Every structure is written in C-alpha cells, then in structure tokens.
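Visitor: Just passing along the structure, written as structure tokens.
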Amino acid sequence: MKKPDHDTFREWLQLETAGDTDLSPERRESLASHVAECPECQAERRDLAHVSQVLARGRLAVRADFRQSVIEALPAAGWESRHPRTWRFPGSVAVLFGLVAAAFFGRGTAASGSPIWGALLAIASFFRATLVAGLGLMQASWKGLGLVCGEIFSSWPALAAFAVLVICLNLLLLSLVRRRAAAPSRH
Amino acid sequence: MTRDAEMPTDEELVAAVLKGDRERFGDLIDRYQGRLVNYLFRLLRNADDAHDMAQEVFVKVYQVLDRFDPQYRFSTWLFRVAQNAAIDQIRRRRLKLVSLHQEDEGGETRDWDLPSGDRGPYGELRNRERGDAIQEAIDGLPWEYRELILLRHMAELAYEEIARLKGMPLGTVKNKLFRGRQMLKDKLRDFVTD
C-alpha cells in the first residue's frame, strides 16, 4: 500500500479530533506513528484539540424548564386522532351496543325472517326512534325559545330587564378578557 | 461511540410515541435539546430566539411525526427542520449582531450561562470573551463552511448524516469541514493557546 502523504495525515488528524468513526484502526496506527515523528502534525493535533475544547466550552446551557415547556406546548397532532387507540373505546361501545340491540330486539322479530335480518331491522328502528326523538327535542327547544322571546317582548319592563342583563354579561366578559391580557405570559 | 444496550434508539422512541406513549417524546427532547438549542443559538445569535425556535421545531416535528421515515435517521430529520426554520427566520429579518449579554423585560442585563471550569472575575471575563470570539469566528466563516461546522460541532451529526442532509457527497463534506476547521483554528488562535 502506498504510504499516505503529509496532507492526508493532516486530514486524518481532523477526523481523529472530530471523533470520526471512519478512521480505521490501521489508519489510526499509521497516523500515530507519523505524528510521533512530525512536529508540524503534533502542533496541528494540539491546535485542533484546543479548537474542539473552545467550542465545547462555548456551549449554551439549556433552560432548566425547556423540556417541560415543550411538552406543555405539544398540540393534539392530527395523527393522534387517526390512531386506532383513539377509536378503540367508542368503537367498542358501538359494537357492544349493536350486540345488545341484536340480542334484545332481534329475538322478537326473528319469527318474521332470519334472526340477523330481524336484528338489523330492530337496530334501524332504534336509530329511527332516536332521530325522531332528536327532532322532537329540537322542535320543543325552538318552541321554548319562542315562548321566552314572547315573554321578553311582551312588556317594556321585561325588555329593559333583559337589556340590563345583556349589558352586564358583556361588561363581565370584557373585564375577564382584559384581566387575561394583562396577566404576564409564562415563557 | 458505543451504544448502551438498555437505551432505545431514536427510531424506537418515535415508534413508541406513535403507539400513543407521549412521554417517550420527552426522551427525544432530552436527547436533542442541548444540541438543537446550541445549533440554533449559533445560527440565530440569540439565546431566547434559539430556545423559542427549538421549541417550535420540536412541536413541528411532533405534529408530523407519523410522516417520519424510519429508514432515515431522526436526527437528520430534526436538524433539517431546524435548519429550514432558522434560514426562514434569518431571511425574514435582518439579524444584527448581538452580544451574549441581554436585557430582560425590566431592563436588567443578564448573562447567559456558558458552562466552563473558569471561575472568578478573570474567568468570567475570559468566558465572555471566549463566547464572543467563538460567535465572531463562526460568523466570519463563509456560509458553506459555517453551516457544516455547526452541523458537526454543535448538532454533533455524523459526516454521513451531514452529507445526506445537505445532499452533498461525503468527500465534499469532509473537505469543507477540513477547510472550515482550519479557518476556525486561525480565527480562534488567541483562545487555542491558553
């Protein structure tokens, strides 16, 4: 093998100082014997080691609460909601619900056809009932809202009392917002 | 460098986080916070900005952690995100050179802690001079050398990782680092002799 020249040894010196793992044991050995005889490379090694030390000493200390502040700042990432674990519980509840519905409602309708068809019909009926109940509730709440509005606009004193209530609530909200803005933010 | 058999790799930690173990992301933060903050500190020249940006980088990486390709190294990915973010910030505002001594909200000056064995007034002064000299020396390097020096000495990335991150042949990375270190050595001559 051709003996490396002085410049190659200088390159290897840098790799050695930088802790590079590319430098094979043979090269390290060859470098050591060259440096032992070469005053220029000895000085180079000393200087490079000092540069590394100076850079290491100039490192900034990380804030003690840095880790905690990052953890607190982590948002709910999109991939978290797509994770199977997120859907495990609601999925299990849905399956359990389906099974219970099939067991209870499927039995009664089994006579009209296959038990599976009966169970599916029963589940569909249940969802229909839920939908009807939801619509009914919504209708009732609109009706309730209409009654409240009717009551408010029925007389001037009631309307004035309502206006005072709205103004007070807005003032309260404004003071809360101001207090939050004035509070020192944690950095 | 030998790897502790008990210590999980970055890729194992990422896999654990993706399985729902959020705490393991804290281990990744512990592993990289020093290198990341120091890397950004030398690029942005401001300790507060470096901390803020390091936090942003960790958050950004967490948000898209599911896109991490385990065939690459986590560190390469992390520092690529950091470098892009830092370059964006540098482009957005013209940075003025600031000292390591900074004023807090009350106008009081506060020194950032640069760990060192030097103690006492002379040691403190020396630390301050050293901090400024390092920054000046790094700033004085041409950008192509400067970024490689920071990736190697502050981010502590391996040559192969730097080559992959920069899209350069390994030989070019080694060459540029060689020249960059020579320049740095000349600029830090006063400090390498003490």
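Visitor: How much FRET efficiency would the formula 1/(1 + (r/R0)^6) give for A:A64 and B:E11, where r is the Cβ-Cβ distance and R0 is 35 Å, rounded to 0.05? Mind showing how you got there, number by number?
Guide: Numbers: r = 28 Å, r/R0 = 0.81.
Computed FRET efficiency for A:A64 and B:E11 comes out at 0.80.
Visitor: On a full-extension model of 0.36 nm per residue, what is the gain between A:L131 and A:L171, subtracting their alpha-carbon distance, rounded to one decimal in nm?
Guide: Values: separation 40, 0.36 × 40 = 14.40 nm, distance 3.98 nm.
Net length gain for the segment: 10.4 nm.
Visitor: Could I ask something else about it? Which shape class, rounded, prolate or oblate, goes with region A:6-57 when its Cα gyration tensor gives a ≥ b ≥ c as root eigenvalues, a/c under 1.5 marks rounded, and past that a/b bigger than b/c marks prolate? Before the final figure, lay out each step's value.
Guide: On the way: a/c = 2.40, a/b = 1.30, b/c = 1.84.
Oblate, because a/c is 1.5 or more while a/b does not exceed b/c.
Visitor: For region B:42-48, what does the Karplus curve 6.51 cos²θ - 1.76 cosθ + 1.60, with θ = phi - 60°, yield as ³J(HN,Hα) per residue in whole Hz, taken in order and with x for Gly and Pro?
Guide: Whole-Hz 3J(HN,Hα) from phi for region B:42-48: 6, 7, 8, 6, 8, 5, 5.
Visitor: On to the next question. What list of ³J(HN,Hα) couplings, whole Hz, do you get for region B:76-92 from phi and the Karplus terms 6.51, -1.76, 1.60, once you set θ to phi - 60° and write x for glycine and proline?
Guide: Once θ is set to phi - 60°, the couplings for region B:76-92 become 4, 5, 4, 6, 5, 4, 5, 5, 4, 5, 5, 5, 4, 5, 4, 5, 5 Hz.
Each reported figure results from applying straightforward, stated rules to the coordinates on display, with no laboratory input. Remember, it's a predicted structure, so these values are computed and weren't measured experimentally. Cβ coordinates were reconstructed from backbone atoms using ideal geometry, including for glycine residues, and neighbour counts include every protein chain displayed.
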